1. Among the residues of the range 19-36, write down those that are surrounded by 14 or more Cβ atoms within 10 Å (Cβ to Cβ) and over 17 Å from residue 1 (Cβ atoms).
2. With the requirement that a residue be open to solvent by less than 100 Å² (accessible area, probe 1.4 Å) and farther than 13 Å from residue 42 by Cβ, what does the range 1-18 give you?
3. Any idea how many residues of the range 22-37 are in a helix (DSSP H, G or I) and without any contact (Cβ under 8 Å) to a residue 24 or more places away in the chain?
4. When only residues in the range 39-63 that are open to solvent by less than 50 Å² (accessible area, probe 1.4 Å) and in contact (Cβ under 8 Å) with a residue 12 or more places away in the chain count, which is farthest from residue 4 (Cα to Cα)?
Amino acid sequence: MIFHVPLERAEDGWIVAECPALPGWVSQGKNEEEALVNIKKAVTAWLWAEDQKAVSNLPGAKGNNLSWWLSDGKAWEHFRQGGC
């Protein structure tokens, strides 16, 4: 998934990263690399929270043994048996 993240230098010298696809989601860093790492963490946290809300609303959400883990743009199918 691709998010466009414009970077701007603030008056105090920090780099500000914003994710327009998620209104209000802004982060910063001492340099561009740090700002991008921080906004990626923020977007990942938002996606995780939205996923948790969606999963909790699925019929039979308890005991569901199939979930998808996303990391670095790759998906791995993860089967959980008996809470493992």
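The values are calculated or read from the model by the stated rules, or taken from the named source; none is laboratory data. Treat the numbers as computed from the prediction; the structure is a model and nothing was measured. Note: ideal-geometry Cβ built from the backbone for every residue, glycine included; neighbour counts use all protein chains shown. Just the protein is used for accessible areas: all its heavy atoms, side chains included, with ligands, DNA and RNA removed. Shrake-Rupley method; radii C 1.70, N 1.55, O 1.52, S 1.80 Å.
1. Correct list: 26, 27, 28, 29, 34, 35.
2. Hits for the range 1-18 are 6, 7, 10, 13, 14, 15.
3. Residues meeting the conditions: 3.
4. So, considering only residues that are open to solvent by less than 50 Å² (accessible area, probe 1.4 Å) and in contact (Cβ under 8 Å) with a residue 12 or more places away in the chain, the one farthest from residue 4 (Cα to Cα) is 42.
A quick yes/no check of all residues on (1) assigned to a helix (DSSP H, G or I); (2) modelled with pLDDT under 95:
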site	(1), (2)
3	no, yes
12	no, no
39	yes, no
47	yes, yes
52	yes, yes
55	yes, yes
60	no, yes
67	no, yes
82	no, yes
